[in-house]
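Q: Below you will find the structure I want to go over with you.
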Amino acid sequence: ILGDLHMHTLYSDGAASIEEMIRKAIELNYKYIAITDHSKRLKVANGMDEKKLLAQIEEIEKLQEKYPQIKIFKGAEVDILEDGSLDFDDEVLEKLDIVIGAIHYKFSKDQTKRILNAFEKINIFAHPLNRIINKREPISANWEEIFKKAKELNVALEINSQPDRLDLNDTLIKRAKEIGAKFAI
């Protein structure tokens, strides 16, 4: 493992400060990390508004100077809104190195169009099925179409190994790989 591209800190629903995360990553000999706290829409996870995100970016830049032995990417896990737009506007997104897109609400209808619209502005699609084992069923979407677009736009599909998610599942990972999509684990 060379790094971690999906990390939450005390800025949203994480359990450690950015500096604590950096120190642990260095201890693990990581080459890079991405700090990717939740965006404002996800209030239940203490999502960050623009002001808080800009303060975080400033802190990351200072810590990057303090810890040059590891690359610290500035990022966010940004909610994909119902129309496929993102929870932060383009001006804010341009300040980030990595944008993780995720669906956290309104799961009932087919989500294909919503996901494909978001792919224009994200680097990683988090927990794509959005399932929680034995609690929430996977979303409905045309996965063939999504995997092809992910390959075309170089959007990595997250394999979220959290035991409650295991998302993507094995059969969809295999199919996405056959299509040529990339993954972030």
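The values are calculated or read from the model by the stated rules, or taken from the named source; none is laboratory data. Quick caveat: nothing in here was measured; it's all calculated off a predicted structure. Glycine gets a Cβ as well: all are built from the backbone with ideal geometry, and neighbour counts include every protein chain shown. Keep in mind that these areas ignore ligands, DNA and RNA; they rest on the heavy atoms of the full protein, side chains included. Shrake-Rupley method; radii C 1.70, N 1.55, O 1.52, S 1.80 Å.
Q: Being part of a loop (DSSP other than H, G, I, E, B) and in contact with a helix residue (DSSP H, G or I) (Cβ under 8 Å, 6 or more places away or on another chain) is the filter here; which residues of region 117-139 pass it?
A: Phe119, Glu120, Lys121, Pro128, Leu129
Q: Among all residue pairs at least 6 apart or on different chains, which show Cβ distances below 7 Å where the first residue, located in region 1-30, is without any contact (Cβ under 8 Å) to a residue 12 or more places away in the chain and closer than 21 Å to Asp49 by Cα and the second is open to solvent by less than 40 Å² (accessible area, probe 1.4 Å) and not acidic (Asp, Glu)?
A: That search, which allows pairs on different chains as well, returns Leu10/Ala16; Leu10/Ser17; Ala16/Thr9; Ser17/Thr9.
Q: Same structure, new question: Any residue at all in region 165-174 that's open to solvent by 20 Å² or more (accessible area, probe 1.4 Å) and under 28 Å from Lys52 (Cβ atoms)?
A: Checked region 165-174: at least one residue is open to solvent by 20 Å² or more (accessible area, probe 1.4 Å) and under 28 Å from Lys52 (Cβ atoms).
Q: Here's another thing I want to ask about it. Return the pairs, sorted by first residue and then second, in which the second residue is of a type outside the set (S, T, N, Q) and in a helix (DSSP H, G or I), the first residue lies in region 124-150 and is open to solvent by 50 Å² or more (accessible area, probe 1.4 Å), the beta carbons are less than 6 Å apart, and the residues are 6+ apart or on different chains.
A: Pairs found: Lys148/Ile179; Lys149/Leu116.
Q: If the Cβ limit is 6 Å and pairs must be 6+ apart or interchain, which residue in region 52-70 that is over 16 Å from Leu10 (Cβ atoms) pairs with which residue that is of a type outside the set (Gly, Ala, Ser)?
A: Gln64/Ile72; Tyr67/Ile22; Ile70/Ile26
So that you can scan it fast, the table gives a plain yes or no per residue for (1) of a type in the set (Ser, Thr, Tyr); (2) out of contact with any Leu (no Cβ under 9 Å at 6 or more places or on another chain); (3) at pLDDT below 95; (4) under 24 Å from Asn117 (Cβ atoms):
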residue: Ile26; (1), (2), (3), (4): no, yes, no, no
residue: Lys31; (1), (2), (3), (4): no, no, no, no
residue: Ile72; (1), (2), (3), (4): no, no, no, no
residue: Ile80; (1), (2), (3), (4): no, no, no, yes
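Q: Something else now. What's the number of the only condition in (1) β-branched (Val, Ile, Thr); (2) under 19 Å from Leu168 (Cα atoms); (3) open to solvent by less than 10 Å² (accessible area, probe 1.4 Å) that Ile35 fails to meet?
A: The one condition Ile35 does not meet is (2).
Q: Additional query: Can you find, within region 151-164, the residue that is nearest to the chain's Cα centre (by Cα) among those that are in a loop (DSSP other than H, G, I, E, B) and surrounded by fewer than 20 Cβ atoms within 10 Å (Cβ to Cβ)?
A: Among them, the one singled out is Ile159.
Q: Can I ask one more? Could you tell me which numbered condition Phe119 fails, if it satisfies all but one of (1) closer than 14 Å to Ser39 by Cβ; (2) open to solvent by less than 10 Å² (accessible area, probe 1.4 Å); (3) of a type in the set (A, V, I, L, M, F, W, C)?
A: For Phe119, the exception is condition (1).
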